[in-house]
Amino acid sequence: MEHVLFELLKENDFGTTQFETYGDNLSLHCRSFLLLFYLLYAYGSCEFQNSLSIMSEINSNPLFPVLPTLSKLPTEAVTQIANSKFVQETQGLVFRILQKQENNEIFADYVIVVRTKVFSKLSPVEKEEHKTKVEQTCRKLLKRLSQVGLNYEARRGADDLIFIFVLCPLARIKQEVERSRVNDWLVGVRLRDTDDHDHSETLTDAERLRLVYDIITNPPHEGGAGINPGFKDFELVESFLPLHDHKYNEEWIKTWSTKWVIDREDLFRLKDHYGEKIAYYFAFLQYYCRWLIAPSIAGLLTYFFSSEYSIPFGLFVVLWSVIFTEFWQRKEYELAVFWGVRNVSRVEKRRPGFRKECFVTNPITRERVPYFSPWKRWLRRAVAAPIILTFSLVLAMALLFYILFEVIMSEYYSGPFRAQLIYLPTIAYCALVPALNIFYNKIAKHLNEYENYETESSYEFNLSQKIFIANFLIGYLSIFFIGWIYIPFNKEISIFLQNFFEIFGLSFTMKTVGPERLITELKYFVLTAQILSFFTELVLPYLVRFGIFEIKKIQKIIDGKNEGEDDFLKAVKNEVELPVYDIYEDYVEMITQFGYVSLFSVIWPLTPIFALINNWVELRSDAIKLCEHTRRPIPSRANSIGPWLENLSLLTWLSSITNSSIIYLYHPNTKGFTSLSGVIFTIVLIWLSEHILSVIRYIVHQMLQAIPMKADEIVQKEGYELKKRWLEKVGTLSLTQRDELNSDSESSNDEGKYSSRSKSSEGGEEWFQNKKNHDDIIKNILSDLKEE
């Protein structure tokens with residue numbers, strides 16, 4: 001880079017002697033040299049002398065000997081350099097070089113993981129067949145990548161792994177950015193004019209990776225490579241993998257670990273690196289954590305200064321649930337505007353797994369588009385619904401079996417081996433319920449694929465609803481059973497169990513169960529289950545990875561092997577072995593916890609404060625999990641938390657039913673189900689509570705709608721400025737002026753805008769610029785396949 005700058009000065013006769021004298025020194029301090037030209041661009045000729053005087057005060061500056069010469073440059077020369085396209089392109093490059101590591105670290109936008117069989121374990125015939133299949137897959141991969149203008153390099157990662165490293169050149173990503181932003185402008189995601197080149201609007205890591213992913217996965221007729229893992233010709237392609245930026249991860253964990261509250265700027269940086277979908281989860285978790293402060297204080301006051309099953313606290317929790325849900329919808333919209341993803345659902349692309357029925361002509365654009373009949377989809381949903389219902393009932397029966405078994409062994413059974421048999425229900429739960437849940441989730445995913453949704457958002461919405469059914473049963477069924485059946489009808493259940501025990505001649509102890517049993521059950525889910533979840537998410541992965549590392553180290557000693565891979569390939573292998581980040585698990589955990597707070601806090605008023613403590617830790621532990629224990633997720637845009645908002649609304653509606661019925665059943669001044677009139681009154685109370693909640697929600701919604709939002713002002717301002725610019729262009733600009741405007745806009749900061757990857761370096765790019773033909777690459781991949 002310094003040689004190019006030197007030639008630029010030499011061509012304009014700007015102190016060439018001094019630059020030749022200190023040329024070696026400059027080559028060692030390219031950053032300072034680029035910083036000088038950035039000052040030229042940033043401050044302009046009027047501030048150039050001041051900029052030089054500031055730099056001259058730094059005696060250690062390598063440009064110190066040539067500053068006098070630079071200070072004598074004529075104003076026209078300074079303006080020429082500052083306005084040159086080269087200097088404008090250097091603006092963003094300065095920060096890119098300042099952020100990179102000193103070593104020429106090789107990087108890639110994506111790693112395409114090709115999973116093969118271990119050749120040493122195959123027969124000669126199988127080996128030859130599989131080798132041909134691997135070769136054909138790799139050839140198609142490289143050909144498709146080459147056709148869309150992506151750079152690539154291939155390496156053998158292990159006996160069963162091939163890594164295809166993909167890097168998108170500057171010109172190609174620039175083309176994709178312009179296409180994407182024009183498309184966003186057309187559908188209303190972006191209100192800024194298409195020819196408004198704002199130098200501050202640089203390309204983020206998340207946007208770059210998202211666009212490169214689109215280039216790789218979009219079908220060829222849309223300008224993409226059409227490479228999708230597991231589909232058609234790419235059956236051996238296991239996954240796409242963006243590599244972690246470990247420097248960013250370390251700074252992220254360090255920053256969040258030392259702050260009590262995560263602010264807006266922290267979320268902005270997270271959004272720029274991991275994408276809006278991930279950022280929305282952490283934004284929701286932070287917002288929910290703040291809102292838990294109010295019920296935590298109210299719960300503490302109720303626990304120490306009020307009676308059990310407090311009516312005021314129950315009303316407060318229901319109102320809090322309604323207001324929180326409505327305010328979060330408002331916050332969602334604000335974030336969508338601030339992050340520039342409003343209406344982003346309008347630009348969704350088709351899922352790779354979408355199977356078209358036929359092609360039809362779009363009546364508006366006259367294009368031929370894939371089509372699947374909505375009636376057929378509804379028919380498939382009608383087929384899937386009984387299957388989901390059946391498996392939900394099976395899961396519910398298994399849970400009820402565990403609950404009854406646990407109640408019998410802990411409270412009624414008094415026969416031999418009681419001390420040992422008391423652990424039997426827990427063993428049965430661990431062996432049965434998780435397995436059924438995993439099986440249920442697989443069935444739900446298969447049925448969701450069968451329903452054949454066209455877009456990712458519709459696919460995720462329906463899948464989340466199916467998964468939520470299972471988690472609702474696992475999380476709440478035991479509390480509902482104990483609170484609404486076991487305790488109210490304890491006498492009848494005890495008589496039935498006594499008769500059952502007498503048939504088999506077993507010892508039986510009659511026991512009266514009170515509301516304390518319900519409190520114990522809720523404490524388990526709020527405290528013990530949360531601790532176990534923290535252990536399995538954060539501690540267990542460390543132990544598993546440490547154990548695998550030790551086993552591999554011992555195996556290498558026994559085998560006497562040392563693969564001698566460089567650090568880069570080792571790091572890639574380590575990331576490939578990590579599990580894929582599943583945002584569903586994190587959302588399910590938070591939504592389920594919201595249910596404990598909104599549905600059952602009246603049982604144990606300390607539920608909100610323990611949820612608050614857990615979420616403060618969860619906010620940071622999830623960041624560690626994302627950085628250390630999972631692959632880096634592929635960035636994607638979102639304008640809300642998606643289908644989980646529907647689940648929040650459902651639990652809020654249900655809270656009016658649970659709180660009113662619990663208070664009536666267990667408040668000291670009520671009689672509950674002791675008579676038929678009590679049952680009828682409970683039903684009427686539930687009906688009234690549900691309708692009152694609907695009225696309150698409507699009032700809160702209308703009140704919030706009437707309050708002005710900063711986001712609305714931003715949208716209106718951008719819309720006004722856009723219309724104003726277009727009216728000025730149409731009414732006042734001549735054709736010549738329009739041409740000049742367009743030519744000026746082309747001198748935008750390409751390097752700074754599009755080279756967003758802080759890890760990129762000249763050495764890394766040269767790795768991809770070493771062009772080979774496909775035969776040579778395939779030969780290198782297959783040459784080190786292990787033969788028997």
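At 0.36 nm per residue, and after removing the present C-alpha to C-alpha distance, how many nm does the segment from Phe461 to Arg139 gain when stretched out fully?
Working it through step by step, the gained length comes to 112.2 nm.
For the range 615-658, compute the orientation-averaged projected area of the C-alpha convex hull (one quarter of its surface), in nm².
Mean projected area for the range 615-658: 4.8 nm², to one decimal.
Give me the net charge for the shell around Pro370: Cβ to Cβ below 12 angstrom, other residues only, Lys and Arg +1, Asp and Glu -1.
Charge balance near Pro370 sits at +2.
For the range 317-449, what value does the Rg/Rh ratio take when both radii are computed over Cα atoms and Rh is the Kirkwood radius, given to two decimals?
Rg/Rh: 1.19.
Beta carbons within 10 angstrom, averaged per residue: use that to sort the peptides 351-358, 267-274, highest first.
Highest to lowest by the protection proxy: 267-274, 351-358.
Want the number for Lys724 to Arg418: 0.36 nm per residue separation, take away the alpha-carbon distance, what's left?
In short, 102.0 nm is gained.
What FRET efficiency comes out for the pair Phe504/Phe305, r = Cβ-Cβ distance, R0 = 60 Å, nearest 0.05?
My answer for the efficiency is 0.75.
Along the Cα-to-C-beta direction of Phe268, a point sits 7 Å from the Cα; which residues of the range 325-347 have their amide N less than 15 Å from that point?
335-341
Can you compute the equivalent ellipsoid semi-axes for the range 405-473, i.e. the square root of 5 times each eigenvalue of the Cα gyration tensor, sorted largest first and rounded to whole Å?
Equivalent ellipsoid of the range 405-473: 40, 10, 7 Å, largest first.
Quick check: from the Cα gyration tensor, does the range 402-533 come out rounded (a/c under 1.5), prolate or oblate?
Prolate is the answer for the range 402-533, as a/c is 1.5 or above and a/b outweighs b/c.
What does the extension gain come out to for Arg330 and Leu477, with contour length at 0.36 nm per residue minus their alpha carbon separation?
49.7 nm
Kirkwood hydrodynamic radius for the range 208-284: how many Å is it when counted over pairs of different Cα atoms?
Every distinct Cα pair counted, the radius reaches 14.9 Å.
If I model a spin label at Leu170 and Met703 as a point 7 Å from the Cα along the Cα→Cβ vector, what separation in nanometres do I get?
5.6 nm
Each reported figure results from applying straightforward, stated rules to the coordinates on display, with no laboratory input. For clarity, every value in this text was computed on a predicted model and none was experimentally measured. For neighbour counting, all protein chains shown are included, and Cβ atoms are generated from backbone atoms with ideal geometry for every residue, glycine included.
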